[in-house]
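The next block holds one structure in the form of structure tokens; read it before the comments.
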Amino acid sequence: MFDSAYESYITQKEIPHSIYEIEGAKEVAIEFRSFSKTAGFTGIRCAYTVVPKELIGFTKEKDKISLHTLWNRRSSSKFNGVSYVTQRGAEAVYSEEGKRQVEQNIKAYLENAKMIKKGLQKADFKVYGGENSPYIWLKIPKGKTSWEFFDELLETKNIVGTPRKRIWFKWRRVF
């Protein structure tokens, strides 16, 4: 299962935009992508799933079965599709104007991530991300939990992040 929601943020030419750019992926992978990250559709619920015809599963009895056929049957009987208004919004993403607006928005998020990363590096944090993604991760200082670090940054610097596990902290500034 490959979520390519952030595909539009990929700027490096050598990084694939789809799992299917990798040889053999059609026999082993399902790719899905929502419009939430690319076009700001958060909460609207518009996405698509690619289940290649080459993808085969097995029953309990070890008989081969097409996952594409199963997915099509499931989708056809359980889901009527997204609303017409939402479909038209998704269609607009692929228009020349839509592509321009999406590109402009993504560029702003990547520039913002670059700025945050530089600032955190300047403050001597071990920082990752901000390339091919609008997120920045930093290693939490030794001896602190993610929540302790969250509280410290909020109270002393007025900075908000998202605590993750024990040693990583995810950053994203929202305009």
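The values are calculated or read from the model by the stated rules, or taken from the named source; none is laboratory data. None of the values given here were measured: they were computed from a predicted structure. Quick reminder, even Gly has a Cβ in these numbers, built from the backbone with ideal geometry, and neighbours come from all protein chains shown. Surface areas here come from the heavy atoms of the whole protein model, side chains and all, with no ligands, DNA or RNA. Shrake-Rupley method; radii C 1.70, N 1.55, O 1.52, S 1.80 Å.
Filtered by the rule that a residue be exposed (fewer than 14 other Cβ atoms within 10 Å of the Cβ) and either small (Gly, Ala, Ser) or under 23 Å from the mean Cα position of the chain (by Cα) (or both), the stretch 133-143 gives Lys139, Gly143.
Can you tell which of Glu54, Glu61, Glu23, Glu14 is closer than 30 Å to Asn105 by Cα, assigned to a loop (DSSP other than H, G, I, E, B) and over 16 Å from the mean Cα position of the chain (by Cα)? Selected residue: Glu14, the only one of Glu54, Glu61, Glu23, Glu14 that is closer than 30 Å to Asn105 by Cα, assigned to a loop (DSSP other than H, G, I, E, B) and over 16 Å from the mean Cα position of the chain (by Cα).
Please tell me if Lys114 is loosely packed, with under 15 Cβ neighbours inside 10 Å, within 21 Å of Met1 (Cα to Cα) and at pLDDT 90 or above. No. Scanning the stretch 40-51 for residues that are modelled with pLDDT under 95, part of a strand (DSSP E or B) and not hydroxyl-bearing (Ser, Thr, Tyr) returns a single hit, Ala47.
With respect to the stated conditions, Ile106 fails to be surrounded by 15 or more Cβ atoms within 10 Å (Cβ to Cβ), touching a residue at least 40 places away in the same chain (Cβ under 8 Å) and out of contact with any helix residue (DSSP H, G or I) (no Cβ under 7 Å at 6 or more places or on another chain). Out of curiosity, is Ser146 over 28 Å from Ala39 (Cα atoms), small (Gly, Ala, Ser) and either over 23 Å from the mean Cα position of the chain (by Cα) or surrounded by 12 or more Cβ atoms within 10 Å (Cβ to Cβ) (or both)? Spelling it out, Ser146 is indeed over 28 Å from Ala39 (Cα atoms), small (Gly, Ala, Ser) and either over 23 Å from the mean Cα position of the chain (by Cα) or surrounded by 12 or more Cβ atoms within 10 Å (Cβ to Cβ) (or both).
Filter the stretch 26-39 for residues that are assigned to a loop (DSSP other than H, G, I, E, B) and open to solvent by 50 Å² or more (accessible area, probe 1.4 Å) and give the result. If the condition is that a residue be assigned to a loop (DSSP other than H, G, I, E, B) and open to solvent by 50 Å² or more (accessible area, probe 1.4 Å), then Val28 is the only one that fits. A count restricted to the stretch 44-58 and to residues that are open to solvent by 50 Å² or more (accessible area, probe 1.4 Å) and either over 17 Å from Val28 (Cβ atoms) or touching a Ser or Thr at 6+ places or on another chain (Cβ under 6 Å) (or both) stands at 4. Among the criteria (1) closer than 26 Å to Thr11 by Cα; (2) not in a helix (DSSP H, G or I), the one Gln121 does not fulfil is (2).
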